[in-house]
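What follows is a short report on a single structure.
The values are calculated or read from the model by the stated rules, or taken from the named source; none is laboratory data. Nothing here was measured: the structure is a model prediction, and the numbers come from that model. Neighbour counts run over all protein chains shown; Cβ positions are idealised from the backbone, glycine included. Remember, those area values only see protein heavy atoms, side chains included, never the ligands or the DNA or RNA. Shrake-Rupley method; radii C 1.70, N 1.55, O 1.52, S 1.80 Å.
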Amino acid sequence: MVMLEEIDALLKMKHFAQVKEMVSEENPADIAVLFDELFGDDYDEQKEFLILFRLLPKDLAAETFAFMNPDMQQFLIEAFSDKELREMLSQSFIDDTVDIIEEMPANVVSRILKNSTTGARKAINEILRYPRDSAGTIMTIEYVSLHKDMTVEEAFAKIRRVGVNKETIYTAYVTENRKLIGMVTVKDLFMAEEDDKISDIMETNLISVDTHEDKEVVAQMFRKYDFLTMPVVDNDMRLVGIVTFDDVMDVIQEENTEDVTKMAAITPSEDEYFRTGVFRHALRRIGWLLFLMISATITQLIINKYSNAFEALPILVSFMPMLMDTGGNCGSQSSTMIIRGIALDEIRFSDFFKVVFKEFRISMIVSSVLAVVNGIRIYIMYNQNLLLAGTIAVSIIATVVISKLIGSALPMLAKKCHLDPALMAAPLITTIVDSCSIFIYFNIAMQMFNI
């Protein structure tokens, strides 16, 4: 990777030929990272950024542009002349252009569409009409299509003729009257004789997705079948596009980011951390925090209800944090495992009782160990008070069992109710378990000490 300082120095000395030679040998993704470091609010930095981008060969510039963040893309589009923008769009794949459009303000979108070819504009508008988060929005229409009566030699000739403008040439799809009937890989073509018919070597046992299928389901299918590409068809099984592995990787990253933010009780956002303002960050977090804070009043009410137990035996209060933390941690462990299992399609709602029973058995082992260790500790530290040690030990067992059952059940119930299981993560589980553990603890304590 070239050094930013070296590039910066060469640009200041106007050694543009040397700069062009240096960056032309780099990977587009690495160049985008370099641009990200170079790009800033300062006029001189933006000027250098624009000069450096214009030094790139056209095909490399288009690939690099697709890796840039939306702020950089918008800056370049606004800085381009109409001719430069048309050249850029002609080198870009349709799905990449759609991704850019979805991130741009209306005036920039209007300029992109204005400088796109008639065919590209029609394709872009068609993709944009599909429901958000559907397979149609992440597919590309740039694929290689073959006819079943072609020979292998004719297929290679077509791939050489049209392949330069396609997203991938490693898999070609066989259509008849636009309907998908088969597929062949380049490996299949290489291994066949030149006069073999495509119909004799094509794979007809196909797995495809509908244009309206959720893109997360598409990602799961890629993971399950180890696909590099997947055909996208309409209701009449007509091939309308393909989804490629690189687009699915983006989907997986988006879904993982969304799950992580939900599990942390933050409203999901597609914006990067530094591209999001302080007020917007606070707005995304405050809603859940208010909900969880108000929900915690249930715990407060339970504590108030058992205030007579405090007065009779003040030492009980000192064990509350330990019980609440233990219960919250146990519930979070279970919910994390179940949410991950649901995300990987390893756990379904039909497994509800199987999962709950398994977590119950796990909780019995875990709670027994925790209860024995803590019981011995309390017995030694508190003047061999066997009754107190027994009370805490029994409370731990009950708390751990209940918390693990709640932690395993709630994500599956959320999935059944068509909610994101990630909502039932640590913050919410902890809030619920805190109330349950305090309620269990004081009821056990009152029975044991006859309060």
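In this entry, Glu346 passes the filter for residues that are open to solvent by 80 Å² or more (accessible area, probe 1.4 Å) and outside any helix (DSSP H, G or I).
Could you please let me know if Ala409 is at pLDDT below 90, open to solvent by less than 30 Å² (accessible area, probe 1.4 Å) and over 18 Å from Phe310 (Cα atoms)? Let's see the steps before the verdict.
Details: at pLDDT below 90: no; open to solvent by less than 30 Å² (accessible area, probe 1.4 Å): yes; over 18 Å from Phe310 (Cα atoms): yes.
No, not satisfied.
Does any residue of the range 33-51 turn out to be modelled with pLDDT under 85, surrounded by 17 or more Cβ atoms within 10 Å (Cβ to Cβ), hydrophobic (A, V, I, L, M, F, W, C) and not in a helix (DSSP H, G or I)? Yes: the range 33-51 contains one or more residues that are modelled with pLDDT under 85, surrounded by 17 or more Cβ atoms within 10 Å (Cβ to Cβ), hydrophobic (A, V, I, L, M, F, W, C) and not in a helix (DSSP H, G or I). When you check Glu203 against the structure, is it surrounded by fewer than 18 Cβ atoms within 10 Å (Cβ to Cβ), in contact (Cβ under 8 Å) with a residue 12 or more places away in the chain and within 30 Å of Val174 (Cβ to Cβ), yes or no? Here the answer is yes, as Glu203 does meet what is asked. Annotation note: of Ala79, Ala61, the sole residue that is under 28 Å from Glu6 (Cβ atoms), open to solvent by less than 30 Å² (accessible area, probe 1.4 Å) and at pLDDT 85 or above is Ala61. Among residues of the range 367-384 that are at positive phi, none has a beta-carbon under 6 Å from a residue that is in a helix (DSSP H, G or I) at least six positions away or on a different chain. Against the criterion of being closer than 25 Å to Ala120 by Cβ, touching a helix residue (DSSP H, G or I) at 6+ places or on another chain (Cβ under 6 Å), touching a residue at least 40 places away in the same chain (Cβ under 8 Å) and surrounded by 15 or more Cβ atoms within 10 Å (Cβ to Cβ), Val248 qualifies.
Flag not set for Ile380, criterion: touching a Lys or Arg at 6+ places or on another chain (Cβ under 7 Å) and more than 26 Å from Glu216 (Cα to Cα).
Cβ-Cβ distances below 8 Å connect the following pairs, each with a first residue in the range 1-28 that is within 11 Å of Glu48 (Cβ to Cβ) and part of a helix (DSSP H, G or I), a second residue that is modelled with pLDDT under 75 and open to solvent by less than 30 Å² (accessible area, probe 1.4 Å), and a separation of six or more residues or different chains: Leu4/Leu38; Ile7/Leu38; Asp8/Leu38; Val19/Leu11.
Quick one: which of Ile338, Ile315, Ile362 is modelled with pLDDT of 90 or more, of a type in the set (Val, Ile, Thr), in a helix (DSSP H, G or I) and open to solvent by 50 Å² or more (accessible area, probe 1.4 Å)? Before you say what the answer is, go through the steps one by one.
Details: Ile338 fails: open to solvent by 50 Å² or more (accessible area, probe 1.4 Å); Ile315 fails: modelled with pLDDT of 90 or more.
None of the other options fit; the residue is Ile362.
For the range 194-219, what are the residues that are part of a loop (DSSP other than H, G, I, E, B) and touching a Ser or Thr at 6+ places or on another chain (Cβ under 8 Å)? Talk me through it step by step, then tell me what you get.
Kept after step one, since they are part of a loop (DSSP other than H, G, I, E, B), are these residues of the range 194-219: 194-196, 202, 204-208, 211-213.
Within the range 194-219, Glu194, Asp195, Asp196, Thr211, His212, Glu213 meet the criteria.
When each of Asn304, Asn383 is tested for being outside any helix (DSSP H, G or I), surrounded by fewer than 19 Cβ atoms within 10 Å (Cβ to Cβ) and not acidic (Asp, Glu), the lone residue that passes is Asn383. Determine whether Phe16 is open to solvent by less than 80 Å² (accessible area, probe 1.4 Å), at pLDDT 75 or above and at negative phi. Against the criterion (open to solvent by less than 80 Å² (accessible area, probe 1.4 Å), at pLDDT 75 or above and at negative phi), Phe16 qualifies.
Residue under question is Asp95, and the condition is that it be farther than 20 Å from Asp59 by Cα and either open to solvent by 30 Å² or more (accessible area, probe 1.4 Å) or in contact (Cβ under 8 Å) with a residue 60 or more places away in the chain (or both); does it hold?
Numbers: farther than 20 Å from Asp59 by Cα: no; either open to solvent by 30 Å² or more (accessible area, probe 1.4 Å) or in contact (Cβ under 8 Å) with a residue 60 or more places away in the chain (or both): yes.
In short, no.
What residue, of Phe190, Phe222, is open to solvent by 100 Å² or more (accessible area, probe 1.4 Å) and in a helix (DSSP H, G or I)? Show your work before the answer.
Details: Phe222 fails: open to solvent by 100 Å² or more (accessible area, probe 1.4 Å).
The conditions single out Phe190.
Consider Ile432 carefully, then state whether it is modelled with pLDDT under 90, crowded, with 19+ Cβ neighbours inside 10 Å and of a type in the set (Val, Ile, Thr). Yes; evaluated as a whole, the condition is true for this residue. Inside the range 131-176, residues that are touching a Gly at 6+ places or on another chain (Cβ under 9 Å), closer than 21 Å to Ile101 by Cα and assigned to a strand (DSSP E or B) make up a count of 1.
Restrict the check to the range 412-423 and report whether at least one residue is in contact with a Ser or Thr (Cβ under 6 Å, 6 or more places away or on another chain) and either at negative phi or free of Cβ contacts under 8 Å to residues at least 40 places away in the same chain (or both). Among the residues of the range 412-423, not one is in contact with a Ser or Thr (Cβ under 6 Å, 6 or more places away or on another chain) and either at negative phi or free of Cβ contacts under 8 Å to residues at least 40 places away in the same chain (or both), which makes the answer no.
From the list Thr229, Thr175, the lone residue that is more than 29 Å from Ile339 (Cβ to Cβ), within 24 Å of the chain's Cα centre (by Cα), of a type in the set (S, T, N, Q) and at pLDDT 90 or above is Thr229. Only residues that are in a strand (DSSP E or B) and in contact (Cβ under 8 Å) with a residue 60 or more places away in the chain were counted in the range 177-187, giving 1.
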